[in-house]
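Everything on this sheet refers to the single structure shown next.
Read-outs: derived from the displayed coordinates by stated rules, not from any lab. Model, not experiment: these values are computed from the prediction. Every residue, glycine as well, gets a Cβ built from its backbone with ideal geometry; the counts of neighbours run over all protein chains shown.
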Amino acid sequence: MKTARQVLENKANHAIFSIPPTATVYAALQLMADKGIGALLVMEHDKIVGILSERDYARKVILMQRTSRETLVKEIMTTAVIYVRANQGTDDCMALMTRHRLRHLPVMEGDALLGMLSIGDLVNDIISEQRFTIEQLEHYITGGSR
């Protein structure tokens with residue numbers, strides 16, 4: 001089983017995208033659209049103070065009849081940020097994401113943010129590991145004569 005750090009290292013793009021809590025929701029949505037991502041870490045003085053997802057926008061702006069140009073990120077962000085440590089396994093990551101219905105999970109080492117894993121990152125990694133296992137089993141069964 002791989003660790004969260006290993007999955008991060010294998011990602012094609014491990015850039016960390018964040019926004020300050022005083023930015024408008026519109027600016028956050030624009031950044032998410034530009035980068036093709038579904039969530040942003042909310043950072044203040046190099047510390048995580050929250051996370052903003054498309055779900056936060058849908059539930060706390062649109063449904064409450066607010067406007068994204070006037071609402072600040074800090075007004076709708078999720079402040080209880082769940083994260084994993086770099087040495088935790090992918091099983092731990094998947095369990096946390098499933099239990100808390102998360103799609104994005106920051107990866108920390110001490111106080112340092114290493115990156116963000118998405119559910120897609122974990123699924124891709126699991127599929128890759130399963131393919132490798134299947135290939136190894138096929139090779140073993142056929143005696144390498146394939």
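Numbers below:
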| read-out | value |
| --- | --- |
| Using alpha-carbon coordinates, inclination of helix 119-142 to the longest axis of the chain, degrees | 0 degrees |
| Projected-area average for the chain over all orientations - Cα convex hull basis, square nanometres | 10.4 nm² |
| Neighbour net charge for residue 72 - beta-carbon separation under 13 angstrom, K R +1, D E -1 | 0 |
| Gain in span if fully extended, residue 123 to residue 12, counting 0.36 nm per residue against the direct Cα distance | 38.5 nm |
| Nearest-ten-degree value, helix 25-35 long axis tilted from longest Cα axis of the chain | 30 degrees |
| Sorted by Cβ density within 10 Å, fewest first, the residues 100, 45 | 45, 100 |
| Zone residues, the stretch 1-15, relative to residue 136, backbone N less than 16 Å from point 7 Å out along Cα-to-Cβ | 1-3 |
| Listed residue pairs exceeding 26 Å between alpha carbons, taken from 2/60; 35/74; 11/35 | 2/60 |
| In degrees, nearest ten, helix 90-100 long axis to first principal axis of the chain (Cα) | 40 degrees |
| Trypsin sites (Lys or Arg not before Pro) within the stretch 82-125, DSSP loop, no more than 16 other Cβ atoms inside 10 Å | 101, 103 |
